[in-house]
1. Rounded to a whole number of µm²/s, how large is the Stokes-Einstein D of the range 120-168 at 20 °C and 1.002 mPa s, given Rh as the Kirkwood radius over C-alpha pairs?
2. Taking 7 Å along the Cα-to-C-beta vector as the label spot, tell me the Gln16-His58 distance in nanometres, rounded to one decimal.
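FYI, it's all coordinate maths here, none of it is from the lab. Not measured: the values here are computed from a predicted model. Glycine also receives a Cβ, built like all others from the backbone with ideal geometry; neighbour counts cover every protein chain displayed.
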Amino acid sequence: MADETRSSGDSGSFEQVVLPHLDAAYNLARWLVRNNHDAEDIVQEAYLRAFRFFGGFHGGNARAWLLKIVRNTSYSFLETNRPVDLGVEFDEKIHTPDVTQPDAEAALLQAVDNRLLRDALEQLPVQFREILILRELEGMSYKEIAAMTEVPIGTVMSGLARARAQLKKSLLRAKEQEDHRGV
């Protein structure tokens with residue numbers, strides 16, 4: 001994964017600096033809003049915003065800069081169109097899994113099919129989906145995620161641990177249900 005940086009003296013064009021990250025932008029928007037059409041609209045709006053403010057981009061990681069714009073555009077969309085999605089608060093009793101055999105869980109997670117994983121990810125609260133997508137699918141560092149989301153790095157790390165734990169619990173529950181149905 002190349003680190004797309006631009007120094008203040010670099011006059012790379014918008015197309016050269018930002019356009020290569022279109023897939024990452026769509027991926028993040030899709031996971032945050034859980035709808036292909038809405039994600040396309042969000043990415044289009046985010047790219048318009050990025051183009052409008054590109055003159056103010058003076059270097060750093062262009063991918064992280066763009067994904068922050070996509071994130072903010074996604075959250076604005078959710079606030080306007082689906083405020084319920086943003087209303088899920090972290091509840092220790094709900095979001096902390098029971099500790100059971102980690103080796104069995106690891107084997108189960110490796111064997112689970114993509115549909116179960118996609119469904120489980122989509123069931124996570126938007127804040128947990130976001131942090132998992134940025135770290136696990138987009139490969140962003142804790143530091144990059146902290147800068148993008150404007151939270152301390154420790155909060156990113158604990159949020160990621162909680163998101164992973166909730167995802168495991170959801171996957172285990174889905175797998176058990178699937179096994180009981182005989183699928």
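1. 204
2. In this crude label model, Gln16 to His58 measures out at 2.1 nm.
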